[in-house]
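Structure first, then comments.
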Amino acid sequence: MKKLLGLLAAAVLMPAAANADVLNNVNLIGEIQTIASDVKHGGYGMYNRGTSARVLAGLSADLVEDVTANLMFQYANVWGWDNASGKTAQGYWDNVRLVEANVVLHNLFCCLEATVGRQFYGDEDSAVMYVGPNHYNAEFNGYTRSLDAVKVAYADDVKAFTMIAGKFNDTFDPYQTRTGSIRAMNAGPAPIASETYNLFGADFRLNITEALKLQVYGYDIYDQGDAYDTHSGFYGAKLALNPEDGIRLSAEYARNFGGHHFIKEHNDTGHMVKADVAADIEAVTVRGTFYYTNEDFFALGNYTPGLLVGHLVGGFGALSDIALFNVGFDVKPAEKWTVSLDGYSFQDHRMKHSAMYEADLTAKYAHNENVELFAGVGYVDYANYMTSNENVKGQLGMLIKF
């Protein structure tokens, strides 16, 4: 595998490195995530049943001074789906996607870092912006999204500023990222987004004190072919208090915009409020979350709370028109173990109807610093929201990072 990746990297990067000591400080990077899940009772077809695997593997290497190249491929499949009989090597190779291919210029103009090419972007726990591989989610353990973009960043001990401009290189359809769609993807080329989708964004972060941090951001998706909104996106701010001891707090507010002019809001503009609190009480971490959106709030986040409802309607964008309450507990019964218990309440954003209730018990075992096993069981009572009254879901998984 290392030899194959080395040859691929050399073939892709050779023009840029013809007069250099090629591929110094070469590192094999990537991860393997395998998740098995099953559901009982009603709602067949709402959740995936079976086992899926996703492999990300690539190389990171220094080309010349202050220039790093990154190359990563992905293969994903659902166990038992590929029929090996009669399938050629080319048939399997067609299922390999290029998800990262970029160069990073360090110390540009003495203070900047520029990343040019296909790349991941954002924080995985963000409710508004993340493009990259998903973890612990049986419904979205599939096609990894990335951007063809130019990203320029500046950072020091007090502040950090990032600007990005590019295009989505994969499908813009949220349902195409579902694990169940791997079957369709493995039958042919990956779905490609309309080339008219352009992303422009900026993110500013400030360390007000060692514990108090501020983040301000804005992202515009420009589609010149959209007759209704050529510009659509969101902007917002997040304030987080994270002391070494004591209660940890964060509050975030974001709003949508849309129209033929930049940052023009409609009368029914959607917005999001998210508040988190956590505290360590002896050996137990107690935490809570309130999340609220209305008017079809749109974002590109990765907030997928719980094992059932959040995984079903999250995974791409945002949980829309919803009021969510969560209370959870984390405990470490042994050095390598983390056990969590969570309760959720999901309601329409008007909060005039009875809620859906979900309870989850999850566990993670750190085999070593690179290998983790995880498991979980969840129960949801849908009340009057769906034809099925309840679902029970079990999930097992393995995550290896290298």
Listed by chain and number, the aspartates and glutamates with an alpha carbon less than 14 angstrom from that of LYS274, same-chain partners under 8 positions apart left out, are ASP125, GLU252, ASP321
At what distance in angstrom do the alpha carbon centres of the stretch 42-81 and the stretch 370-384 lie from each other? 22 Å
Efficiency of FRET from Cβ geometry, HIS266 and ALA165, R₀ 30 Å, rounded to 0.05: 0.75
Charge sum, other residues only, whose C-beta stays under 10 Å from GLU31's C-beta, Lys/Arg counted +1 and Asp/Glu -1: +2
Which order do MET163, MET72 take by accessible area at a 1.4 Å probe, largest first? MET163, MET72
Only loop residues by DSSP count here, and only those with at most 13 other Cβ atoms within 10 Å; note down the GluC sites (Glu not before Pro) in the stretch 320-402 that meet that. GLU335, GLU369
With a 19 Å threshold on alpha-carbon distance, the violating pairs from LYS213/LYS336; LYS213/LYS332; LYS159/LYS213 are LYS213/LYS336; LYS213/LYS332
Using the Cα centre as the reference, give the magnitude of the dipole from point charges on the C-beta atoms of the stretch 279-371 (Lys, Arg: +1; Asp, Glu: -1; all else neutral), rounded to the nearest 20 debye. 80 debye
For every other residue with a beta carbon closer than 10 angstrom to the beta carbon of ASP296, add +1 if it is Lys or Arg and -1 if Asp or Glu, then tell me the sum. -3
By the scheme Lys and Arg +1, Asp and Glu -1, what is the net charge of all other residues having a beta-carbon under 10 Å from that of LEU71? 0
Pull out the extension gain between LEU249 and VAL286, defined as 0.36 nm times the separation in residues minus the alpha carbon to alpha carbon distance; nm, one decimal. 12.1 nm
For a quick protection proxy, order the peptides 108-115, 143-150 by their average other-Cβ count within 10 Å, most packed first. 143-150, 108-115
Can you work out the FRET efficiency for the pair TYR154 and MET46, with r the C-beta to C-beta distance and R0 = 35 Å, to the nearest 0.05? 0.20
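The values are calculated or read from the model by the stated rules, or taken from the named source; none is laboratory data. These numbers come from a predicted model, not from an experiment. Cβ atoms come from the backbone with ideal geometry, glycine included; neighbour counts cover every protein chain shown. Only protein heavy atoms, including side chains, enter the accessible area calculation; ligands, DNA and RNA are left aside. Shrake-Rupley method; radii C 1.70, N 1.55, O 1.52, S 1.80 Å.
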